[in-house]
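Some notes on the structure that comes next.
The values are calculated or read from the model by the stated rules, or taken from the named source; none is laboratory data. It should be emphasised that the depicted structure is a prediction, and the values quoted were computed from it without experimental measurement. Counting neighbours? That spans all protein chains shown, and the Cβs are built from the backbone with ideal geometry, glycine included.
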């Protein structure tokens, strides 16, 4: 019930007060994102944590001038792989084998199946798939932020190419997928703060097939 109470408390904060979120809370939010499930366990994305004021100021104009970009404590940029490559896939499988301390025949066969599938696909198709995995981690980050009592603003309203250029993501083989400013709501300036949360009813949203 505590998590559900926190999720009812959260909303897409429209104005933040500039207060700094403690590092321990940020660390737990990022850890929740790190622990997110992803397709084949590849985690095909990185999370860029922006606290630099100048970088936030550069990003704001290409994010519809939304004030939360500069008034937040930490701006999380979820950046997905621009494509899947053999090197990227092998790095994950090699890491898994090293940590587990052994190789598994079935796991190695699965590696070969991925190597024979993803690298041959169109880069945009691969990015779309990778971005979906980033969204899973993004969702857990939002839930973790709510649990920590930290406000968050999911943001798709930005120019990805411009953000990529500002942060030098293309050189790293990454493309920005979604932004998540973290901070604390401005009690006086946020027009949404006292609005009733509206969601579909359970009956409209969920269908149970017995």
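Inspection of region 92-105 identifies at least one residue that is within 23 Å of residue 170 (Cβ to Cβ) and outside the structural domain of residue 199 (by TED's automatic domain parsing). Within the option set 7, 75, being surrounded by 20 or more Cβ atoms within 10 Å (Cβ to Cβ), in contact with a helix residue (DSSP H, G or I) (Cβ under 9 Å, 6 or more places away or on another chain) and under 13 Å from residue 152 (Cα atoms) holds for one residue only, 75. Quick check: is even one residue across region 188-209 assigned by TED's automatic domain parsing to the domain that holds residue 50, buried (at least 19 other Cβ atoms within 10 Å of the Cβ) and under 28 Å from residue 13 (Cα atoms)? Scanning region 188-209, I find at least one residue that is assigned by TED's automatic domain parsing to the domain that holds residue 50, buried (at least 19 other Cβ atoms within 10 Å of the Cβ) and under 28 Å from residue 13 (Cα atoms), so the answer is yes.
A count restricted to region 11-39 and to residues that are within 17 Å of the chain's Cα centre (by Cα) and either outside the structural domain of residue 68 (by TED's automatic domain parsing) or not in a helix (DSSP H, G or I) (or both) stands at 7. Restricting attention to region 30-52 and to residues that are in contact (Cβ under 8 Å) with a residue 60 or more places away in the chain and touching a strand residue (DSSP E or B) at 6+ places or on another chain (Cβ under 7 Å), the residue that is farthest from residue 139 (Cα to Cα) turns out to be 50. Can you confirm whether region 165-172 contains a residue that is in contact (Cβ under 8 Å) with a residue 40 or more places away in the chain, surrounded by 18 or more Cβ atoms within 10 Å (Cβ to Cβ) and either not assigned by TED's automatic domain parsing to the domain that holds residue 41 or not in a helix (DSSP H, G or I) (or both)? Looking for residues that are in contact (Cβ under 8 Å) with a residue 40 or more places away in the chain, surrounded by 18 or more Cβ atoms within 10 Å (Cβ to Cβ) and either not assigned by TED's automatic domain parsing to the domain that holds residue 41 or not in a helix (DSSP H, G or I) (or both), one finds at least one in region 165-172, hence yes.
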